[in-house]
Amino acid sequence: MLITWWLDQITRPPEQTKDSDLYQNPDYIVENLSGIRMEHAATARRRFTAEKLFHYIDEDVTQMEQVNFTSTEPEKPLMRLQAEHAEIRNKGKDIYLSNNVTAIRGLDDERGKISLVTQFLHLIPDEGLVKTSQVVTISRSNTTITAIGMELNNQTGVIQLLTQVRAVNNK
């Protein structure tokens, strides 16, 4: 009789409570993952790694921890993004990077290498846009630029620094 009661208890689905909704918990978790997206016609390659990935079914949101993105395209500089946290919404149409976000355009030994550091970036891949309302620091060679807010159009190559722009050349 005790065994029957015990089996009944452990095989029951968890009871729903106000504070514990099944849809607030991830429907799956993946650890130590990496992926590659290849576009053979354009020979473009995008690679990502993350320590953890969480998917939430209620909002179709994917969150990742310790994320690294790398993009290589013909006749374009290498592009690398790193962040402690990423959130992907709208089936990849909106990507939000936060906490110690770093973007590096070009190779480490290239003279034209550009690095960008901020606490938040909103990527809109389909439109080639990158936005932030946070403090951003952009460095290239001996020049450092800081600003609050930025919009970058990857299609045109135009960067708009929104407010409190300051540039320092350390020659």
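The values are calculated or read from the model by the stated rules, or taken from the named source; none is laboratory data. Keep in mind that this is a model prediction, so the values were computed, not measured. Reconstructed Cβ throughout: ideal geometry from the backbone, glycine too, with neighbour counts over all protein chains shown.
So here's what we get for this one:
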| read-out | value |
| --- | --- |
| Every residue from segment 43-75 that is surrounded by fewer than 14 Cβ atoms within 10 Å (Cβ to Cβ) and either without any contact (Cβ under 8 Å) to a residue 12 or more places away in the chain or in contact with a His (Cβ under 8 Å, 6 or more places away or on another chain) (or both) | Glu75 |
| Filter result (in a strand (DSSP E or B), within 22 Å of the chain's Cα centre (by Cα), at pLDDT below 90 and surrounded by 13 or more Cβ atoms within 10 Å (Cβ to Cβ)) within segment 131-171 | Leu152, Asn153, Ile159 |
| Residue list for segment 89-109, filter: over 20 Å from Leu53 (Cβ atoms) and either among the hydrophobic types (A, V, I, L, M, F, W, C) or surrounded by fewer than 13 Cβ atoms within 10 Å (Cβ to Cβ) (or both) | Ala103, Ile104, Leu107, Asp108, Asp109 |
| Residue count, segment 51-98 (criterion: more than 18 Å from Ser115 (Cα to Cα) and under 10 Å from the mean Cα position of the chain (by Cα)) | 11 |
| Residue in segment 76-88 that is more than 25 Å from Lys52 (Cα to Cα) and surrounded by fewer than 17 Cβ atoms within 10 Å (Cβ to Cβ) present | yes |
| Among the candidates Glu73, Glu59, Glu87, residue that is closer than 20 Å to Ile36 by Cβ and of a type in the set (Asp, Glu) | Glu73 |
